[in-house]
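Bear in mind these aren't lab numbers, they're just calculated from the coordinates by the rules spelled out. These numbers were taken from a predicted model, which means no experiment stands behind them. When we count neighbours, we look across all protein chains shown, and the Cβ atoms used for this are built from the backbone with ideal geometry, even at glycine.
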């Protein structure tokens, strides 16, 4: 039988607010356990939540960016369950009245564009962390993360392959960073994903029973977890069994998913509106203001890059995936006096290679946009060749010098002076009469010998175009 | 001394006839002398109180003082007080010392009031007789065999026995008004959102409201004035200026319309209570007010609606008491589940458990619509009834409670009959209105309270009517036998 995979996603994006969603405590990552948990985060009796307005604005921003309905009136609810890292015994979340309603996102897989529905996005607080190691059989609880604002983004079950799912997650990952509402750091858990997977025979309309795979924190894990889970479900059905609705965990070490809890064991969360918080009202004025504040979104930026900088679809795509990368690129183009294509090659080539090699983000690049742009400018005006430029780039990477300073200091200026080059060529031809004869006899390959020799003599500084031109002229004489 | 008004005590302090240290010591002595049998104070703050009183005396010396500077008071043990245990009447919090102070307490502290101690209460404010307290019941100074009412029974009994001139309380379904009535004193619960709930341990968040106990409406007004106001730490507190609650106390109530809900004056009403209330209404009428019968058609649904909404909220509010971070933890739990189950089983009393179970039940999948949602709809209807009624009247009057103080143990094992003792007060909480209870006579030598209900944020008018009534009567000045004695 032929099977079709059906995937829906839930993504938790940690909002990049300075303080928590209901308290003034810091959200910074990596502090000593329980040093960033105030009385409210600890759930001490008598304390009350106060909603962080910035979190609300971030949610609205996201909603506007995906063309979603923004609820003029949304409500926080209490989701009740007991767990040591959940201090109040309930999570404050949004349930039947989320702040962001139906929206959509376009993804592209193998050149095909597909629209994925976003069911909703809602605000909620994160829980703390239970630490099971290092406590002699006891469990430690770190509440630094408790109360960190999250935006939970829920998709429609519109994806039909792991490739589509990954494309969707990547698209969202890019978007939230563009909007400046989430730092997108998947290792630190700022952006994590739950996947709902089911299979059905091709042509069948109703969905199969789904399993939810929790807390995937890399694109690769998402892909592998889905692949594994699809295979498992098909196996179960084809060997006569039934898929049960359950929550599963993906074990990256063993590359398998295993059951966490079944639907029967699922909690009854007893949601009800939180009486400590007023409903969130979003006015038309706020929406107008925020619409004006929206940055250029990836899709629009990509199209603009293609039009304005005459970049290929691929280049524009790579350069706009990260907002910092796009900003870097545009700055460098400015400093290069408009050498759009050449800058693109350098950013995607030497620069990216250097950054990858050193495990650096472009925001931490040792060579800033200004110095890279100035380097490219010298290639364009033929002060140096592309090859020499790579040497210059090494110097830029290792020092604070500008390209001009390096070229000057190291004497890397290109030799374009035809008088000087002619002298070298004449001498070369005089020293190698046999090769001259070969060329004149039709062996044009010999040209390479001459070019190579000149480059060697000039330590690569000779202007290759000029050398070619002069050689052609002289040899044909 | 013990029967002096705040105005008089304040003048004595300002005129240096007495110091705050002396005044505080005077009431501390009364507590020591009388509270052995009453059990109204759970935790004494004697040492710190005398330090605070000395501070207050300095402020008075330097001329930097207000009406409440140097005035001793008691706080219900539901308000968190930094450095002094806050038990909420529960074994669960028997060891709990909050690292912060409730906003209402801070405001009174800033006004210079001196906290003598924390008063007994029904566990987590759940009860109408003060019998659910982990620290034992409180006796009603008017009759030691009867209860003081609840849940703020300790504060009410203490003020009635003149152990402090004023005390704080909280009112979720009548927990200030009913004990005020049972103990023959004046109590007011302002509009929901008028006093910050920050630092006040939550029972039912959408209903809880702090207020005051005092001998008179005037004293209650002074204390409430200091406690009220917007607090950015409480999202449900209302950002609206506080009226001057003292300015209109002396206004005539001539021409004012008082509504009597016919649903509260049925044939079922105890005849003694009815007569007492009718006499009180006549007094108000004699001061020039118009009396008008009104109807609150849905008010008979308030007890059932309340016993869905309040337990639902409490079931979540009390989840934090899990033995993990603070409060009671059972001995050597064998695993997490055991830790939860035994800590909560051993730490909570029966009434609290009953309400948590009711609350969890009404919020459960499949029951939510039938109970919680329905109760919220009923709540809206009740509120609308009041809004409608206030279009035609200025205030509403009724008995505060269907009976006078009942005997200890009488209703302890009959929760429904206990719940019905709040039948006249609960609707006010569901609607979020201000309400108060004023002493208006005796039945069987036990005090009767007249409930007055005001429109939203009209505490000033409510207190004006109560004060005018107290100008014409002296029920509020009556002191229970035995407690007139100086010690």
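Quick look at the values:
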item	result
Peptide ranges B:447-458, A:416-427 listed from the most packed, as the mean C-beta count within 10 angstrom indicates	B:447-458, A:416-427
The protein assembly as shown, Rg to Rh (Cα coordinates; Rh as Kirkwood inverse mean 1/r)	1.16
Förster radius 51 Å - calculated FRET efficiency between residue A:239 and residue B:230, Cβ distance, rounded to 0.05	0.20
Sites residue B:59 and residue B:293 - FRET efficiency at Förster radius 51 Å, r taken between beta-carbons, to 0.05	0.50
Protection-proxy order for peptides B:355-363, B:222-230, A:461-469, B:17-25, each taking the mean of Cβ atoms within 10 Å per residue, highest first	B:222-230, B:355-363, B:17-25, A:461-469
Cβ-Cβ FRET estimate between residue B:387 and residue B:239, R0 fixed at 22 Å, reported to 0.05	0.55
Separation in nanometres of the label points that stand 7 Å from Cα toward Cβ, at residue B:380 and residue A:220	5.4 nm
Estimated inter-spin distance, residue B:417 and residue A:296, nm [label 7 Å along Cα→Cβ]	7.9 nm
Ellipticity estimate at 222 nm from DSSP helix runs (n ≥ 4, -39,500 (n - 2.57)) divided over chain B, nearest 500	-11000 deg cm²/dmol
Average beta carbon contacts from partner chains per residue of A:434-445, 10 Å cutoff	0
q = 0.08 Å⁻¹: log10 I(q)/I(0) that the Debye formula gives for segment B:98-251, counting C-alpha atoms only	-0.20
Antiparallel bridges, percent of DSSP beta bridges restricted to segment B:9-123 (to nearest 5)	45 percent
For a label point 7 Å along the Cα-to-beta-carbon line of residue A:438, residues of segment A:451-477 with backbone N under 12 Å	A:451
Simple label model, 7 Å out from Cα along Cβ direction - residue B:364 to residue B:145, nm	4.2 nm
Per-residue mean of C-beta atoms belonging to partner chains within 10 Å, peptide B:311-319	5
Dimensionless Rg ratio for segment B:242-353, taking C-alpha atoms and the 2.2 N^0.38 Å reference	1.84
For residues of B:75-81, the mean tally of beta carbons on other chains within 10 Å	1
Full-extension gain in nm, residue A:256 to residue A:108, via 0.36 nm per residue minus C-alpha separation	50.5 nm
Antiparallel bridges, percent of DSSP beta bridges restricted to the protein assembly as shown (to nearest 5)	80 percent
Value of D in µm² per second that Stokes-Einstein yields for chain A, Kirkwood Rh from Cα pairs, at 4 °C (1.567 mPa s)	49 µm²/s
Mean Cβ count within 10 Å, highest first, over the residues of peptides A:6-15, A:315-324	A:6-15, A:315-324
